[in-house]
Amino acid sequence: MEKNKSEIIDRGNRVKFIRKNILKLSRSDFCKNFALSAQSLKTWELGWGGGLNEDRAKDLVSHLKKLAIQTTVAWLMHGIGNLPKPLNKQVYISEEEEEHIAKELLVFRELSNTVDIIMGDDSMAPLLFSGDYIGGVLVSEPKLAIDQMSIITDTSGHTFVRILRPGDKENFYHLESFNNEEPSSSEARNITIKTAAPVLWIRRRKRHKPGHLDPW
């Protein structure tokens, strides 16, 4: 029950984030030309009465398009996918594809000790590309992930997707990337690791070039 309540509150916070941080609108201005009152919007944002449901999330996605904001039901309901952004003719995100990936990711999250992120760069190309969804299962100690592509968090709180290699001293590690031409691909050496999760689950958007196939 507490988990469900937390999820409802998180949904409300995502709606409020769009209204306040992206659109910078009052509740009444946000609801103009939308079949929703400012008071009802408040109940969504505060997670009252069950909060935002999937049918109304679909309505909200359509309303946001009219306000030149692109988002998906998956992000509104579960926080899965990219942050909302102003509509841009150069941006292509298939809502159907995003929803399909979201359903798979929710099943993956039901497993114990999982972590998942969206790649933010091409540092691991040609295996992973910016925008790919990846998930892994945490190991009990970092050395169990050596020589594996993993989602890694160092002791400073930074997260990387890299190949984990032994460091020059015990309990220190090197992080190895594949794509040396990517500006963010600089390799970290002799760092301390908080968590490591070998990558087990990858889903790639169709917008990548033909031939970049999902090995899973």
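The values are calculated or read from the model by the stated rules, or taken from the named source; none is laboratory data. All values derive from a computational prediction rather than experimental measurement. Glycine also receives a Cβ, built like all others from the backbone with ideal geometry; neighbour counts cover every protein chain displayed.
For E98, the stated conditions hold: it is without any contact (Cβ under 8 Å) to a residue 40 or more places away in the chain and surrounded by 15 or more Cβ atoms within 10 Å (Cβ to Cβ).
Yes/no per residue for (1) more than 15 Å from L23 (Cα to Cα); (2) in contact (Cβ under 8 Å) with a residue 12 or more places away in the chain; (3) in the same structural domain as F17 (by TED's automatic domain parsing):
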residue: W48; (1), (2), (3): yes, no, yes
residue: K58; (1), (2), (3): yes, yes, yes
residue: H63; (1), (2), (3): no, yes, yes
residue: K66; (1), (2), (3): no, yes, yes
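For S185, work out the one condition from (1) within 22 Å of the chain's Cα centre (by Cα); (2) modelled with pLDDT of 85 or more it doesn't fulfil. With (1) within 22 Å of the chain's Cα centre (by Cα); (2) modelled with pLDDT of 85 or more applied to S185, the lone miss is (2). The requirement of being under 30 Å from G47 (Cβ atoms) and loosely packed, with under 14 Cβ neighbours inside 10 Å is fulfilled somewhere in the stretch 149-157, by at least one residue.
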